[in-house]
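Remarks on the structure that follows.
What follows is calculated from the coordinates using simple rules that are stated; it is not laboratory data. These figures come from a predicted structure and were not determined experimentally. Every residue, glycine among them, receives a Cβ derived from its backbone with ideal geometry; neighbour counts consider all protein chains shown.
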Amino acid sequence: RDKALWTLLAASGIRRSEALNLEWEHIDFENETVYVLDPDYTRYGRDLSDDERYSRFKGRAVSWTYLRQPYRSWFFEFLLKYRQQEYVLPADGNNFVFQYLRGQYAGKPLREAADSTLNDAFTDAVKRAGINGPPFATTYVWTAHSLRHAYGMYMLNDFAVPGQEIPGLTEAEVQLLMGHEDINSTRKYARPRLSRLKEKLARHDQAMLSCQDSLTGLPPAIASRLLMDSDIAQGAHR
């Protein structure tokens, strides 16, 4: 169950609350696609009913999600194992994908678990795996929400697009994938890497250097100036 949940977050960049609210009919197994439905843009608040409170939707601009590889394949692999080995038919008839596995709550929706319980499960797994934090804060312990940030960063900077020399989608495309209505929300997750900018500049320099011996590779104004200078020099020589 946990492997399926965490690889889904890494694959799609959806929020954990959105993943916990998935029902089986929201998953298209044939096309390996997951849909996030947002009934009435429910907000989290202590004055809401339990059912509404557990939903905790922030709202998405689109329900379709894109699951990146290899996490997509891993998710469906772990989901199948979870369904075969751990999942039980709920006594209350709910259809939520992720559920409690043991004790008196077995079969009940995992979305009812406390945030602290869910957070601890992920951070404990990170510690057991010996995964360090980022270079500037190696002792930092990644959280499940870090997977959403990782998705945004990867899609903006590293996603390989056929026919495109420099990898990465546009900000607008990443915004659509993450379901943000405001581009500024996307920018909090997806920030362009300096190394990607330097690669673009280096490729530009290489292109300019490769044609520096050819006037056709220069801007028209510069080429005309060089031709004029060349004609003047040749006239003076004669």
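Observations on the structure shown:
- Asn31 paired with Glu165, simple spin-label distance in nm, labels 7 Å along Cα-to-beta-carbon: 3.5 nm
- Point-to-point label distance, Ser63-Ala121, nm (Cα→Cβ direction, 7 Å offset): 2.6 nm
- By the Stokes-Einstein formula, at 0.890 mPa s and 25 °C, the range 97-195 with its Kirkwood radius over alpha-carbon pairs has D equal to 153 µm²/s.
- Ala129/Arg203 FRET efficiency (R0 41 Å; Cβ-Cβ; nearest 0.05): 0.70
- Pairs exceeding a 30 Å alpha-carbon distance, out of Lys127/Lys200; Lys127/Lys198; Lys3/Lys188; Lys3/Lys198: Lys127/Lys200; Lys127/Lys198; Lys3/Lys198.
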